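Participant: Attaching a single structure in structure tokens format; questions to follow.
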Amino acid sequence: MAGVNASASMAIVVLGPAAIDTARHIQARFPEARVHGLANRVSADIAYDDFGAHVRELYRADVPIVALCSAGIVIRALAACLIDKEAEPPVLAVAQDGSAVVPLIGGMSGVNVLAREIGIALDVAPAITTSGELRFGQCLLAPPEGYALADIEQGKRFVSDLLAGATTRIEGRAPWLDDAALPRADDARLAVRITPLVANDADSLVIHPRCVLAWIGNASSGENIAERVRLAMRERGLSPLALAALTAPVRDMASPSLDDAARALNVPLRFCDAAPFDASDVQGIALHVGDAPVDVQSTGRARGTLTVIGLGPGSAELMTPAARAALGAAQDVLGYETYVRMAGPFRDEQRVHMTDNREELQRARHAFELASEGRRVVVVSSGDPGVFAMAAAVLEALDEGRAAHPEWSTVKLAIVPGVSASLATAARAGAPLGHDFCVLSLSDNLKPWSVIEKRIAHAGEADLVMAFYNPLSKARPWQFDRAMEIVKRFRDSKTPVVLGRDIGRPAETLRVVTLGELKSELVDMRTMVIVGSSTTRVVGDWVYTPRWYE
Ligand code: SAH
């Protein structure tokens, strides 16, 4: 798909069951696409609750959108986001019976290319309205991957000139224009110029092939690598848009200044054992200008990343956009089977590694091994990854394994927070955690039971609200009752207790009982138990702990 943003797989958005056949038909042509359906109305790959909010979120995440509904609905939903025209994903409206394909926006990101492909799939002519495109069968202003348009305003003038009858030459190699119906003439005044060099002439449509590699021989020698790369390119007359990637030696993999530079220049960063070209000035910055766009994926390798994310308690709306973005970018996803399923669906090229819940350390080591190979790895937890979950396991693995595996230390590690079960449960109930509280796990798998008893007693004495994770399991049948006996030494039997089960999931239930009524039959491994303090109160259906204390 020339020019179509391939970084984010396409979203086919449907509102009801009448559109599902057409949606699946389109999906058959774009296997990476996911069908997004309105929750409770239609069963699809991904459920959403609010059409407007959902398409705006997709749009902002740069996801190509194919909405199977009227063009007006889509336009109205996106109206507020349509200001910056240069950076937008393709957006199309498709009639739910597949009889019309209307490219709406995203001319620069290949909406018409997409419209044609969908048109072929549905056997209809797309409603293309872009004049240059109609005339030339190609959007000259949306070159394919590996090429960048120098100046959009200049480009628009150029296309208008052609539409007004001017002819053009092509200078340089532009294989994608071979079949375009351009009014060509060897002696034309106007030219499409494919060049890595800066070219400021009004008679040209300048397109830069991303054919330049920069080698940063020594990241620690001197500051501001991005500025130095820009300067080196300027000295040779090269456009910054012609830069394909920064390359650097593997030993500098963890250098933050390289990372900053790649971000500032908006190019990938690749690591090689030696310079990927004959770099005379290996200490400083060396440039190599190729004669075609660089295949970045086969140049060295990326720095691996390991991102530990929290999915929130269960529903998609309580997952943070940062966690969702990490999942979208992941090449490998590791986690306990239930959570990995919750995090899906995944694209075909994403590798999913599901394990048993107890193999946490093993899973963490595996994650480091994969990330050390340069892969983008995501480890999933439910709730927040730092609360009785994988973030600590990953750091334990690093702590214990880094001497034997120095390459683990070069992995770019990040922890993305999530909405923990205690917070999600508390919000449903009101504000039971509105004053000082503590969280405790009742699992004695990794700590002695005597420690748990001692902590409960101290928390009871300190009059903290207590949020209990892992309250009960088949392997730990008596512990919950024993824990509550200790709590009752410090709390009145009328103390409110919140029981949240499967919060944020379809089977969600919320109960409020008193400490006197609480018994282990009301609780299982999918329950969050919040026991109030002496000041926790009930008002109507709500439970809260006031902010003040006497
Ligand atoms: N990292 C998770 C907690 C993992 S421990 C988080 O931050 O939420 C697992 C325990 O969390 C379960 O035994 C249960 O007590 C609680 N829990 C997890 N998800 C829950 C949910 N959706 N509803 C209620 N309790 C949940």
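Participant: Given the conditions (1) at pLDDT 90 or above; (2) more than 16 Å from the ligand (Cβ to nearest atom), report the number of the one that P385 does not fulfil.
Facilitator: P385 satisfies every listed condition except (2).
Participant: Within region 472-503, can you find the residues that are within 15 Å of the ligand (Cβ to nearest atom) and surrounded by fewer than 15 Cβ atoms within 10 Å (Cβ to Cβ)?
Facilitator: Scanning region 472-503 gives S473, K474, A475, P477.
Participant: Residue check, G374 against (1) in contact with a Lys or Arg (Cβ under 8 Å, 6 or more places away or on another chain); (2) without any contact (Cβ under 8 Å) to a residue 24 or more places away in the chain; (3) among the small types (G, A, S), all met but one. Which one?
Facilitator: (2)
Participant: Could you please let me know if F490 is in contact with a helix residue (DSSP H, G or I) (Cβ under 8 Å, 6 or more places away or on another chain), more than 26 Å from D541 (Cβ to Cβ) and not in a helix (DSSP H, G or I)?
Facilitator: Working: in contact with a helix residue (DSSP H, G or I) (Cβ under 8 Å, 6 or more places away or on another chain): yes; more than 26 Å from D541 (Cβ to Cβ): yes; not in a helix (DSSP H, G or I): yes.
Yes.
Participant: Another question, if that's okay. Would you confirm, using the coordinates I've provided, whether T338 is within 17 Å of the chain's Cα centre (by Cα) and of a type in the set (S, T, Y)?
Facilitator: no
Participant: Can I ask one more? List every residue pair whose Cβ atoms sit under 6 Å apart, with the two residues 6 or more apart in sequence or on different chains, where the first one lies in region 430-451 and is of a type in the set (V, I, T) and the second, anywhere, is within 13 Å of the ligand (Cβ to nearest atom).
Facilitator: Pairs found: V439/S422; V439/A467.
Participant: Shifting gears a bit: Can you say whether F468 is within 16 Å of the ligand (Cβ to nearest atom), surrounded by 13 or more Cβ atoms within 10 Å (Cβ to Cβ), aromatic (F, W, Y) and outside any helix (DSSP H, G or I), as far as the supplied structure shows? Outline the logic, then answer.
Facilitator: Details: within 16 Å of the ligand (Cβ to nearest atom): yes; surrounded by 13 or more Cβ atoms within 10 Å (Cβ to Cβ): yes; aromatic (F, W, Y): yes; outside any helix (DSSP H, G or I): yes.
Here the answer is yes, as F468 does meet what is asked.
Participant: Would you check if there is a residue in region 22-35 being hydrophobic (A, V, I, L, M, F, W, C), in a loop (DSSP other than H, G, I, E, B), in contact with a strand residue (DSSP E or B) (Cβ under 7 Å, 6 or more places away or on another chain) and modelled with pLDDT under 95?
Facilitator: Within region 22-35, one or more residues are hydrophobic (A, V, I, L, M, F, W, C), in a loop (DSSP other than H, G, I, E, B), in contact with a strand residue (DSSP E or B) (Cβ under 7 Å, 6 or more places away or on another chain) and modelled with pLDDT under 95.
Participant: Mind counting the residues in region 211-241 that are aliphatic (A, V, I, L, M) and more than 22 Å from C272 (Cβ to Cβ)?
Facilitator: Selection size over region 211-241: 2.
Participant: Just to be sure, is R173 modelled with pLDDT under 95 and farther than 25 Å from L238 by Cβ?
Facilitator: Values: modelled with pLDDT under 95: yes; farther than 25 Å from L238 by Cβ: no.
No, not satisfied.
Participant: So which residues in region 409-419 are within 14 Å of V308 (Cα to Cα), of a type in the set (G, A, S) and either near the ligand (Cβ under 8 Å from one of its atoms) or touching a Lys or Arg at 6+ places or on another chain (Cβ under 9 Å) (or both), if there are any at all?
Facilitator: Listed by number, the list holds a single entry, G418.
Quick grid of which residues meet (1) in contact (Cβ under 8 Å) with a residue 60 or more places away in the chain; (2) closer than 27 Å to P175 by Cβ; (3) among the hydrophobic types (A, V, I, L, M, F, W, C):
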residue	(1), (2), (3)
L243	no, yes, yes
G310	yes, no, no
D332	no, no, no
G335	no, no, no
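Participant: Which is more than 16 Å from V229 (Cβ to Cβ) and not in a strand (DSSP E or B), of A264, A254? Steps first, please.
Facilitator: Values: A264 fails: more than 16 Å from V229 (Cβ to Cβ).
Answer to the selection: A254.
Participant: Please find, within region 295-325, the residue that is nearest to Y59 (Cα to Cα) out of those that are within 16 Å of the ligand (Cβ to nearest atom) and among the small types (G, A, S).
Facilitator: Looking at residues that are within 16 Å of the ligand (Cβ to nearest atom) and among the small types (G, A, S), I get A322.
Participant: If you go through region 213-259 one residue at a time, how many are of a type in the set (D, E, K, R), surrounded by fewer than 15 Cβ atoms within 10 Å (Cβ to Cβ) and more than 13 Å from A286 (Cβ to Cβ)?
Facilitator: The qualifying residues number 4.
Participant: Restricting to region 192-221, and then to whatever is in a loop (DSSP other than H, G, I, E, B) and under 33 Å from the mean Cα position of the chain (by Cα), can you tell me which residue is modelled with the lowest pLDDT?
Facilitator: Within region 192-221, the match that is modelled with the lowest pLDDT is S220.
Participant: Considering only residues that are of a type in the set (A, V, I, L, M, F, W, C), surrounded by fewer than 19 Cβ atoms within 10 Å (Cβ to Cβ), within 14 Å of the ligand (Cβ to nearest atom) and modelled with pLDDT of 95 or more, which ones fall in region 420-465?
Facilitator: A427
Participant: With A121, A174 as the choices, which residue is surrounded by 15 or more Cβ atoms within 10 Å (Cβ to Cβ) and either in contact with an Asp or Glu (Cβ under 9 Å, 6 or more places away or on another chain) or in contact (Cβ under 8 Å) with a residue 60 or more places away in the chain (or both)?
Facilitator: A121
The values are calculated or read from the model by the stated rules, or taken from the named source; none is laboratory data. For clarity, every value in this text was computed on a predicted model and none was experimentally measured. Cβ atoms come from the backbone with ideal geometry, glycine included; neighbour counts cover every protein chain shown.
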